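Trainee: Attaching a single structure in structure tokens format; questions to follow.
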Amino acid sequence: MFFRSGRPVPVVTGKTPAGRPVPAVADGPPVTDSALAGRRPPRWRVTGTAVAGGAAVVVLAGCGAAPRTPAAGDDRVDASPGRCGHGWRHPRPGTQTFTLHNTSGTAAEVRLTDTRTGAVLGEAEGLAPGAARTLPVRLGAGTYAFVCLGEDTDPVTGPAVRVPGDPRRTRSGPAAVPVSVHDLIPPALAYQRWAGRSMTRLVAATDALRAAVRTGDRAAARSRWLTAHLAYARLGAAYGAFGDAGDALDRTAAGLPRGVRDPGFTGFHRVEHGLWHRERAPGLRRAADRLARDVRALRAGWARTRMDPADLGRRAHEILEDTLRAELTGRTDYGSGSSLATARAHLDATRAVLRPLRPLLRTRYPGLPALDRRLDRAARALDAHAHAYRGTWTPLGRLDRAQRARIDAAVGDLTERLASVAALCDARRTP
Amino acid sequence: MRPVLRRGLLRGALAAGAVTALAAPAPAPAPAPAPADGPRFHGPHQATILAPPARATAFTAFDVTAAGRRELADLLRTLTDRARFLTTGGTPAPTGITAPPPDSGILGPYVPADGGLGVTLSAGASLFDGRYGLADHAPRLLRTMPVFPDDDLDPAWCHGDLALQLCADSPDTVLHALRDLTRHTRGGMQIRWRLDGHTAPPRPSGTPRNLFGFKDGTSGPDPRDARLMDRLVWTGTDSGEPRWAAGGSYQVVRLIRMLTEFWDRIPLSEQERVIGRNRDTGAPLDGARESDPPRYAHDPEGEAIPLDSHIRLAHPRTPGSEAHRLLRRSYNYDRGVDGNGTLDQGLLFCCYQRDPVRQFTAVQKRLAGEPLTDYVTPFGGGYFFAFPGVRDRADWYGRALLTGTGRTGGST
């Protein structure tokens, strides 16, 4: 995270009906585009306030966009630990947008919580000094409070505010009790142990592949290649999860000047390309040797490192994003036609990451039973193309349109659901 | 060459006045049938059907992957809810820390109410196969699009269980809606094919031009004439349709490649004789202004307007041909180049009618062998049935189909 410091700003004041000055307005550096910001730190926003008709009306003026006047009653709330939650004057049910304003001298994080359950309805992280940010929420009848977390200070809970209404009719938006790093450590350790055991099986499988390549029995080598590659795929090495070691093992020829003939092309797909393109023995042997070595290096490295617990939720989501992007387009098929087998192994990998997260998800993610049903459905859709007696799978290109649509839809559906798991399991500071 | 359906149908189908008014971005003098803030969402018909073509469109066909009738009902309910929100605008429902942001954000923090988005949902014949128990409830005349003699159809660009057309004044509004709708229906349906289209502004005035440079859509039934629309566009129980299908319309979509570079290499006089109109003004070759009706009775030999010209075949203006008129809602498309560097451009032809055999097929047959076939090739499309409108907040696309014809689908 980085913060940009604010600069002195003109102050606009107004009068409340009681004649009290309204808190000042700050303006930060102009907002730049945020559409492509991805996971970058939050940006700044320019705001102004005016007082009209007795209610504070906040006018957002960002980035050349047309100014919009939010519905009356959208309040401007102080996010600084010293005045946490001050300014929430018009409690009302329904969808509304608060403007959070950090009047303190240090960065702040602020959340709106349900005081009964501790569930968070919305948050703003990394709110720089002087900065303001909007926070859209939907509130039902109930009691809520803002919690402000300054840098290196204890969290401060602002005044509890009761939102009127019939609790059965006005329901709040989705909320959850935040997950902390502390919560994620046991699942991460469990996952790490599981992955370690799986890597031992992987080492045995790549050794067996290497041996088969050395004997020159191409049929046996192909069969062992599939076994070994699926053992790797079950680890769920999506999006750089295993760093350079993973890249050496499962890369494609993309980005290599000489493509499949490039010396930098290593790993499972390198061996696959050789086995299914009748490559001569010496080159193939070297590739299989290298693969076996790299797998051992992966296992050794894994034993030495501690996985970041915060990665767990993201991994639960991104394994199948990889499947959608690579396996289900055929992009990673170098001749074996085993994309569907790999996709099926990725489902197992996703389940393996979810397993230790379940205790956290059970109370936070109401969609968990539906997610399990959809995982089962995707598994069935893929298993329909396995030929157990031959140990082979239908190549992707052999599927008819309806079969392919069914698989793509099942996996696509899972990526949407798992995105929520990742969001919920993002590690947050807890009071 | 043999008969092919042409963009020329258009010429038979669009009301010139309406097209002019609606396609123009600036204030236009002619009255517009749709309110300035775009078609309303609720009503007996899908309002987008009569609305003039917008500047931008995406036409997307889907394979439905919902497992069973209940999930199909959920899918249609979700499509309705999202379409209602996207067309009427508002703040996306906050998801807090429980999910990624609820909206792609490409229209900014609020979905504008004045984005002019129109959503049209229709069903293909394959939705009424055995999968969802709907086989006995198909619209009476809905069939799978046949292969016409001059077609060169690519199966990857044909048919679909559902078709979704999104129209708006700008492409970002269309893409925003497409991403929202697909995101919320992931698992229930899968994109089969998609073609984007656009409408040109009037150049310099009158009906917008197609990519052959001709004003396209000058003549056509007036969508403001409700009784005419009842005769030509809307289906009803009086035409033998199942009850749920009253207020819908048969939609024919044809993806037509136009060999624009070949066209540019033929003399203007030949272009004009192929079409039957003056390229500069859009006037019929026996007239002076775009709005002049051609007088075929005074030209029985086709000396002014050739007998095989497109406008003459598409809409001969004989008493019998009136019943064949259809409502055209077509767009130009432009999608890069083909394998040998030829520009890949053409027409996303779309038309609505009460009876596809009496209207579309009849016109198609008249166009058989017209000279225009040398310059165009249909490569995809499909026959669909546009659902009746969503009547109110409790209604959803196809509700009467799914709840009135057997077991009711509930929410899972």
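Trainee: Identify the residue in the stretch B:231-243 that is touching a Lys or Arg at 6+ places or on another chain (Cβ under 8 Å) and in a helix (DSSP H, G or I) and, among all such residues, is surrounded by the fewest Cβ atoms within 10 Å (Cβ to Cβ).
Mentor: Applying the filter and picking the extreme gives B:THR237.
Trainee: Has the stretch A:373-380 got at least one residue that is among the small types (Gly, Ala, Ser), surrounded by 15 or more Cβ atoms within 10 Å (Cβ to Cβ), more than 9 Å from every other protein chain (Cβ to nearest Cβ) and assigned to a helix (DSSP H, G or I)?
Mentor: The answer is yes; a qualifying residue exists.
Trainee: May I ask you to list the residues in the stretch B:87-97 that are surrounded by fewer than 22 Cβ atoms within 10 Å (Cβ to Cβ) and either away from chain A (no Cβ under 11 Å) or touching a Gly at 6+ places or on another chain (Cβ under 6 Å) (or both)?
Mentor: B:THR88, B:GLY89
Trainee: I would also like to ask the following. Can you name the number of the only condition in (1) away from chain B (no Cβ under 14 Å); (2) under 26 Å from the mean Cα position of the chain (by Cα); (3) in contact (Cβ under 8 Å) with a residue 40 or more places away in the chain that A:ALA160 fails?
Mentor: Here A:ALA160 clears every test but (2).
Quick grid of which residues meet (1) within 28 Å of B:GLY240 (Cβ to Cβ); (2) among the charged types (D, E, K, R); (3) not in a helix (DSSP H, G or I):
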position	(1), (2), (3)
B:SER321	yes, no, no
B:ASP334	no, yes, yes
B:ASN340	no, no, yes
B:GLY346	no, no, yes
B:PHE360	yes, no, no
B:PHE379	no, no, yes
B:GLY382	yes, no, yes
B:PRO388	yes, no, yes
B:ASP395	yes, yes, yes
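Trainee: Any residue in the stretch B:351-367 that's within 15 Å of B:LEU228 (Cα to Cα): show its pairings with residues that are in a helix (DSSP H, G or I) and small (Gly, Ala, Ser) at Cβ separation under 8 Å, as long as the two are six or more apart or on different chains.
Mentor: Here the result reads B:ARG354/B:SER239; B:ASP355/B:SER239; B:GLN359/B:ALA323, each pair linking the stretch B:351-367 to a residue that is in a helix (DSSP H, G or I) and small (Gly, Ala, Ser).
Trainee: For the stretch B:113-147, give me the residue count where each residue is modelled with pLDDT under 95, surrounded by fewer than 19 Cβ atoms within 10 Å (Cβ to Cβ) and touching a helix residue (DSSP H, G or I) at 6+ places or on another chain (Cβ under 8 Å).
Mentor: Within the stretch B:113-147, residues that are modelled with pLDDT under 95, surrounded by fewer than 19 Cβ atoms within 10 Å (Cβ to Cβ) and touching a helix residue (DSSP H, G or I) at 6+ places or on another chain (Cβ under 8 Å) number 1.
Trainee: Please go through the stretch B:58-108 and give me each residue that is among the small types (Gly, Ala, Ser), out of contact with any helix residue (DSSP H, G or I) (no Cβ under 6 Å at 6 or more places or on another chain) and not in a helix (DSSP H, G or I), ordered by number.
Mentor: B:ALA61, B:ALA67, B:GLY68, B:GLY89, B:GLY90, B:ALA93, B:GLY96, B:GLY105, B:GLY108
Trainee: Quick one: which of B:ALA18, B:ALA28 is of a type in the set (A, V, I, L, M), surrounded by fewer than 17 Cβ atoms within 10 Å (Cβ to Cβ), touching a Leu at 6+ places or on another chain (Cβ under 9 Å) and at pLDDT below 50?
Mentor: Among B:ALA18, B:ALA28, only B:ALA28 is of a type in the set (A, V, I, L, M), surrounded by fewer than 17 Cβ atoms within 10 Å (Cβ to Cβ), touching a Leu at 6+ places or on another chain (Cβ under 9 Å) and at pLDDT below 50.
Trainee: Counting only residues that are touching a helix residue (DSSP H, G or I) at 6+ places or on another chain (Cβ under 6 Å) and either facing chain B (nearest Cβ under 9 Å) or free of Cβ contacts under 8 Å to residues at least 60 places away in the same chain (or both), which one in the stretch A:382-406 is nearest to A:ASP183 (Cα to Cα)?
Mentor: If we take residues in the stretch A:382-406 being touching a helix residue (DSSP H, G or I) at 6+ places or on another chain (Cβ under 6 Å) and either facing chain B (nearest Cβ under 9 Å) or free of Cβ contacts under 8 Å to residues at least 60 places away in the same chain (or both), then A:LEU382 is nearest to A:ASP183 (Cα to Cα).
Trainee: Determine, yes or no, whether B:ARG131 is farther than 28 Å from B:HIS42 by Cβ and within 13 Å of chain A (Cβ to nearest Cβ).
Mentor: yes
Trainee: Can you find a residue in the stretch A:315-330 that is modelled with pLDDT of 95 or more, surrounded by fewer than 19 Cβ atoms within 10 Å (Cβ to Cβ), in contact with a helix residue (DSSP H, G or I) (Cβ under 7 Å, 6 or more places away or on another chain) and more than 22 Å from B:ALA99 (Cβ to Cβ)?
Mentor: Yes, because at least one residue in the stretch A:315-330 is modelled with pLDDT of 95 or more, surrounded by fewer than 19 Cβ atoms within 10 Å (Cβ to Cβ), in contact with a helix residue (DSSP H, G or I) (Cβ under 7 Å, 6 or more places away or on another chain) and more than 22 Å from B:ALA99 (Cβ to Cβ).
Trainee: Pick out the one residue from B:VAL337, B:VAL390, B:VAL357 that is of a type in the set (Val, Ile, Thr) and surrounded by 15 or more Cβ atoms within 10 Å (Cβ to Cβ).
Mentor: After applying the criteria, what remains is B:VAL390.
For (1) within 14 Å of another protein chain (Cβ to nearest Cβ); (2) surrounded by 18 or more Cβ atoms within 10 Å (Cβ to Cβ); (3) not β-branched (Val, Ile, Thr), each residue gets a yes or a no:
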residue: A:VAL271; (1), (2), (3): no, yes, no
residue: A:ARG280; (1), (2), (3): no, no, yes
residue: A:LEU284; (1), (2), (3): no, yes, yes
residue: A:ARG304; (1), (2), (3): no, no, yes
residue: A:GLY335; (1), (2), (3): no, no, yes
residue: A:ALA343; (1), (2), (3): no, yes, yes
residue: A:VAL353; (1), (2), (3): no, yes, no
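Trainee: If you check A:ALA370 against the conditions, is it surrounded by 15 or more Cβ atoms within 10 Å (Cβ to Cβ) and either acidic (Asp, Glu) or modelled with pLDDT of 95 or more (or both)?
Mentor: Taking the combined requirement at face value, the residue does not satisfy it.
Trainee: Can you tell me how many residues within the stretch A:114-140 are within 22 Å of the chain's Cα centre (by Cα) and either of a type in the set (D, E, K, R) or within 21 Å of A:PRO164 (Cβ to Cβ) (or both)?
Mentor: Number of matching residues: 8.
Trainee: Mind listing just one residue for me: the one in the stretch A:219-252 that is more than 28 Å from the chain's Cα centre (by Cα) and over 18 Å from A:ARG290 (Cα atoms) and, of those, surrounded by the most Cβ atoms within 10 Å (Cβ to Cβ)?
Mentor: This residue is A:SER223.
Trainee: Find the residue count for the stretch A:181-204, including only residues that are surrounded by 16 or more Cβ atoms within 10 Å (Cβ to Cβ) and either out of contact with any Lys or Arg (no Cβ under 9 Å at 6 or more places or on another chain) or in a loop (DSSP other than H, G, I, E, B) (or both).
Mentor: Counting residues in the stretch A:181-204 that are surrounded by 16 or more Cβ atoms within 10 Å (Cβ to Cβ) and either out of contact with any Lys or Arg (no Cβ under 9 Å at 6 or more places or on another chain) or in a loop (DSSP other than H, G, I, E, B) (or both) gives 3.
Trainee: Could you give every pair whose Cβ atoms fall below 9 Å, whose first residue belongs to the stretch A:235-257 and is in the same structural domain as A:PRO309 (by TED's automatic domain parsing), and whose second residue is assigned to a loop (DSSP other than H, G, I, E, B) and charged (D, E, K, R), counting only separations of at least 6 or pairs across chains?
Mentor: Listed by first residue and then by second, the contacts come to A:THR252/A:ARG331; A:ALA253/A:ASP262; A:ALA254/A:ARG331; A:LEU256/A:ASP262.
Trainee: Moving on to the next point. Any residue that is out of contact with any Gly (no Cβ under 7 Å at 6 or more places or on another chain), surrounded by 16 or more Cβ atoms within 10 Å (Cβ to Cβ) and not assigned by TED's automatic domain parsing to the domain that holds A:ASP322 - is there at least one of those in the stretch A:209-216?
Mentor: No, the conditions are met nowhere in the stretch A:209-216.
Trainee: Ok, one more. Considering A:ARG364, A:ARG429, which residue is more than 11 Å from every other protein chain (Cβ to nearest Cβ), over 30 Å from A:ARG224 (Cβ atoms), in contact (Cβ under 8 Å) with a residue 12 or more places away in the chain and not in a helix (DSSP H, G or I)?
Mentor: Result of the check over A:ARG364, A:ARG429: A:ARG429.
Trainee: State the number of residues belonging to the stretch B:54-99 that are within 19 Å of B:GLY188 (Cα to Cα), charged (D, E, K, R) and touching an Asp or Glu at 6+ places or on another chain (Cβ under 7 Å).
Mentor: 2
Trainee: All but one of (1) more than 20 Å from A:ALA402 (Cα to Cα); (2) away from chain A (no Cβ under 14 Å); (3) among the basic types (Lys, Arg) hold for B:ARG143; which doesn't?
Mentor: B:ARG143 satisfies all of (1) more than 20 Å from A:ALA402 (Cα to Cα); (2) away from chain A (no Cβ under 14 Å); (3) among the basic types (Lys, Arg) except (1).
Trainee: Now for a different question. What pairs come out if I take residues in the stretch B:98-114 that are within 7 Å of another protein chain (Cβ to nearest Cβ) and pair them with residues that are assigned to a loop (DSSP other than H, G, I, E, B) and crowded, with 16+ Cβ neighbours inside 10 Å whose C-beta lies under 6 Å away, six or more apart or interchain?
Mentor: B:THR98/A:PRO174; B:TYR110/B:THR91
The values are calculated or read from the model by the stated rules, or taken from the named source; none is laboratory data. Being a predicted model, the structure only gives us computed values, none of them experimental. So basically every Cβ, Gly included, is an ideal-geometry build from the backbone, and we count neighbours across all protein chains shown.
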